[in-house]
1. In contact with a Phe, Trp or Tyr (Cβ under 8 Å, 6 or more places away or on another chain) and either surrounded by fewer than 10 Cβ atoms within 10 Å (Cβ to Cβ) or at pLDDT 75 or above (or both): does that describe TYR27?
2. Give the residue, chosen from LYS116, LYS96, that is loosely packed, with under 12 Cβ neighbours inside 10 Å, assigned to a loop (DSSP other than H, G, I, E, B) and at pLDDT below 65.
3. Do any residues in the range 59-88 that are closer than 26 Å to LYS47 by Cα have Cβ atoms under 7 Å from those of residues that are small (Gly, Ala, Ser) and assigned to a strand (DSSP E or B), where the two are at least six apart or on different chains, and which pairs are they?
4. Taking into account only those residues within the range 30-70 that are of a type in the set (Gly, Ala, Ser) and in contact with a strand residue (DSSP E or B) (Cβ under 8 Å, 6 or more places away or on another chain), which is surrounded by the fewest Cβ atoms within 10 Å (Cβ to Cβ)?
5. Of all residues in the range 71-93, how many are surrounded by 11 or more Cβ atoms within 10 Å (Cβ to Cβ) and either basic (Lys, Arg) or in contact with a helix residue (DSSP H, G or I) (Cβ under 9 Å, 6 or more places away or on another chain) (or both)?
6. Does ILE82 satisfy being modelled with pLDDT of 75 or more, part of a strand (DSSP E or B) and of a type in the set (Val, Ile, Thr)?
7. I need the full set of residues from the range 9-24 which are out of contact with any strand residue (DSSP E or B) (no Cβ under 7 Å at 6 or more places or on another chain), more than 22 Å from LYS96 (Cα to Cα) and surrounded by 14 or more Cβ atoms within 10 Å (Cβ to Cβ), in order please.
8. Test of understanding: among LYS49, LYS63, LYS68, LYS32, which residue is under 28 Å from LYS96 (Cα atoms), of a type in the set (Lys, Arg) and modelled with pLDDT of 90 or more?
Amino acid sequence: MENRRHEMKNEPEIVYSRSIKAGKRIYYLDVKKARNEDLYLCITESKRKQGAEDEFPQFEKHKVFLYKEDFAHFTEGLNDVIAFVQGQLGEIEERKEWAPETADGEATAVANEGEKTEDKSLLGSLLDKLKG
């Protein structure tokens with residue numbers, strides 16, 4: 001019955017997706033197509049709930065929908081907050097095990113430790129693709 005209920009929903013088509021594994025959390029950045037053919041970003045945080053070892057794993061999910069008319073303000077605000085945190089704490093060390101995955105599940109190459117990462121964030125790159 002659960003499958004039938006899921007099939008009956010008109011889920012928006014995912015046209016581009018990236019997942020980011022960050023410690024105990026996974027962030028999904030999904031570009032979805034609305035009924036009117038507009039694209040929007042759905043950011044999902046998924047965190048495994050603590051439970052008994054013999055139970056099926058359960059996940060707590062939180063979603064944020066970001067629409068194209070809000071991209072510039074969101075990016076500006078996010079960059080401002082990140083700059084503030086870096087100003088307070090200095091340079092923040094990135095997770096070493098992080099490797100972004102594309103929609104087909106392939107991990108992209110991770111930069112060498114000595115190489116500087118691009119100034120543009122993953123979210124900024126994704127927002128640029130949506131604007132284009």
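The values are calculated or read from the model by the stated rules, or taken from the named source; none is laboratory data. Since we're looking at a predicted model, the values are computed, not measured. Neighbour counts run over all protein chains shown; Cβ positions are idealised from the backbone, glycine included.
1. Details: in contact with a Phe, Trp or Tyr (Cβ under 8 Å, 6 or more places away or on another chain): no; either surrounded by fewer than 10 Cβ atoms within 10 Å (Cβ to Cβ) or at pLDDT 75 or above (or both): yes.
The answer is no for TYR27.
2. Values: LYS96 fails: at pLDDT below 65.
None of the others qualify; the one that does is LYS116.
3. PHE59/SER46; LYS61/SER46
4. Taking the range 30-70 and keeping what is of a type in the set (Gly, Ala, Ser), we get 34, 46, 51-52.
Next, from what is left, pick out any that are in contact with a strand residue (DSSP E or B) (Cβ under 8 Å, 6 or more places away or on another chain): 34, 46.
Numbers: ALA34: 11, SER46: 15.
Here the answer is ALA34.
5. Residues meeting the conditions: 6.
6. Working: modelled with pLDDT of 75 or more: yes; part of a strand (DSSP E or B): no; of a type in the set (Val, Ile, Thr): yes.
It is false that ILE82 is modelled with pLDDT of 75 or more, part of a strand (DSSP E or B) and of a type in the set (Val, Ile, Thr).
7. Keep residues of the range 9-24 that are out of contact with any strand residue (DSSP E or B) (no Cβ under 7 Å at 6 or more places or on another chain), which gives 9-11, 21-23.
Checking which are more than 22 Å from LYS96 (Cα to Cα) leaves us with 9-11.
None - no residue of the range 9-24 is out of contact with any strand residue (DSSP E or B) (no Cβ under 7 Å at 6 or more places or on another chain), more than 22 Å from LYS96 (Cα to Cα) and surrounded by 14 or more Cβ atoms within 10 Å (Cβ to Cβ), so the list stays empty.
8. Details: LYS49 fails: modelled with pLDDT of 90 or more; LYS68 fails: under 28 Å from LYS96 (Cα atoms); LYS32 fails: under 28 Å from LYS96 (Cα atoms).
Just one listed residue meets the conditions, LYS63.
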